[in-house]
Amino acid sequence: MTLAEARKLLRENLKTSGAVNNIQEADMLLCRLLNIPRASILGYPEKILTAEESAALLKALGRRASGEPLQYVLGEAHFWGLTFEVGEGVLIPRPETELLVETALASLPLSSPSLFLDWGAGCGCAAAALLLERPLAWAVLAEKNPLSLRWAWRNLKRHGLLGRALLWHSREPGDIPVEKNSLALVVSNPPYIPTGEISDLMREVRDHEPHLALDGGPDGLDCYQALFRFAPLWLKAGGFLTVEIGGAFQVERLRLLAPPSLYLMKEVPDYADIPRCMAWRTSPSSLS
Ligand code: GLN
């Protein structure tokens, strides 16, 4: 099979299987699996693939055609201009979560050390982006899903950040080794989809991504309730709690649920104008 034939085969089969961006996906699979730049697909269409290359492509095509997310098949996803390894057992980084990083960055100083907690760290993308933007910062990444934690470890290693991060398998917030009044920031993209809406998610998400990272309980707010209990204890005076949220339907409830020790500082809409981040701050003069 030549490169041009492989490209045609991928495009046609991806289209039949319902992949909307079949043309782009075909090229992404070719580049990744053959380890070539996109220009080579156009420059050397007559290049003959080896038997191993053809077999790898057909295997990847089978996985994608059966509904597995493209990023799992590629084994990587892009976030904050960086590459993160992903696969079964971890939520794929979403572009909206870059807003969480952007919002959280404002609470970490550039020229002095600080400590933050990423609660429900997933593949580690938000923590890694923050650590790379703040070279003096340290992070604790807490995650309940051991499979996700494995991906986070790989990604922190990949970006040279293991020396500034503690990865913690946490079953409940109380088991996280964080001292009282020690954090500048608690950042979190918790599961926030109401349980009853999980079955309506896109097939790729519903059938392949971990429900532990998606299902936020009956009203999607279970994790925020836990954060509201623990963040005021962990945060230093003037520290921030910055979270991703599911949309307008959660804003009002969260405003009411937040404890009086946290002051609402920001509500940030995403590019579709859906409320996507909220940030609270503990009182700068608080002694607790
Ligand atoms: N934004 C994700 C989705 O739409 C959900 C992530 C989450 O629950 N934190 O699938």
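Values quoted throughout were computed directly from the atomic coordinates according to the rules given, and no laboratory measurement underlies them. None of the values given here were measured: they were computed from a predicted structure. Glycine also receives a Cβ, built like all others from the backbone with ideal geometry; neighbour counts cover every protein chain displayed.
Among strands (runs of 3 or more DSSP E) lying entirely in region 41-146, which contain 1 or more residues that are in contact with a Leu (Cβ under 6 Å, 6 or more places away or on another chain)?
114-119, 137-143
Can you tell me how many residues in region 227-250 are surrounded by fewer than 17 Cβ atoms within 10 Å (Cβ to Cβ), in a helix (DSSP H, G or I) and within 15 Å of the ligand (Cβ to nearest atom)?
Summing the residues that are surrounded by fewer than 17 Cβ atoms within 10 Å (Cβ to Cβ), in a helix (DSSP H, G or I) and within 15 Å of the ligand (Cβ to nearest atom) in region 227-250 gives 2.
With more than 11 Å from the chain's Cα centre (by Cα), within 16 Å of the ligand (Cβ to nearest atom), among the charged types (D, E, K, R) and under 23 Å from ILE23 (Cα atoms) as the only criterion, which of GLU46, GLU68, GLU53, GLU76 stands out?
Going through GLU46, GLU68, GLU53, GLU76 in turn, just one is more than 11 Å from the chain's Cα centre (by Cα), within 16 Å of the ligand (Cβ to nearest atom), among the charged types (D, E, K, R) and under 23 Å from ILE23 (Cα atoms): GLU68.
Looking at region 203-226, which of the residues that are in a helix (DSSP H, G or I) and away from the ligand (no atom under 13 Å from the Cβ) is surrounded by the most Cβ atoms within 10 Å (Cβ to Cβ)?
Across region 203-226, the extreme among qualifying residues is ALA226.
Select from region 117-175 the residues that are aromatic (Phe, Trp, Tyr) and in contact with a Phe, Trp or Tyr (Cβ under 9 Å, 6 or more places away or on another chain) and write down the one among them that is farthest from GLY239 (Cα to Cα).
Residue satisfying both the conditions and the ranking: TRP151.
Is it the case that some residue within region 3-23 is touching a residue at least 40 places away in the same chain (Cβ under 8 Å) and in contact with a Phe, Trp or Tyr (Cβ under 8 Å, 6 or more places away or on another chain)?
Among the residues of region 3-23, at least one is touching a residue at least 40 places away in the same chain (Cβ under 8 Å) and in contact with a Phe, Trp or Tyr (Cβ under 8 Å, 6 or more places away or on another chain), which makes the answer yes.
Starting from residues that are more than 10 Å from the ligand (Cβ to nearest atom) and under 11 Å from the mean Cα position of the chain (by Cα), keep the ones in region 96-117 and report whichever is farthest from HIS208 (Cα to Cα).
So the residue we want is VAL101.
From (1) over 11 Å from LEU61 (Cα atoms); (2) among the acidic types (Asp, Glu); (3) without any contact (Cβ under 8 Å) to a residue 40 or more places away in the chain, pick out the condition that doesn't hold for GLU46.
(3)
Give the number of residues within region 203-218 that are within 17 Å of the chain's Cα centre (by Cα) and without any contact (Cβ under 8 Å) to a residue 60 or more places away in the chain. Quick ask: steps written out before the conclusion?
Narrowing region 203-218 to residues within 17 Å of the chain's Cα centre (by Cα): 204-206, 208-216.
Narrowing further to those that are without any contact (Cβ under 8 Å) to a residue 60 or more places away in the chain: 206, 211, 215-216.
So the answer is 4.
Being of a type in the set (S, T, N, Q) and surrounded by 15 or more Cβ atoms within 10 Å (Cβ to Cβ): is that true of THR103 here?
yes
Within region 157-177, does at least one residue satisfy the condition of being touching a strand residue (DSSP E or B) at 6+ places or on another chain (Cβ under 7 Å), buried (at least 24 other Cβ atoms within 10 Å of the Cβ) and under 17 Å from GLN71 (Cβ atoms)?
no
Restricting to region 251-273, count the residues that are assigned to a helix (DSSP H, G or I) and not hydrophobic (A, V, I, L, M, F, W, C).
Of the residues in that region, 3 qualify.
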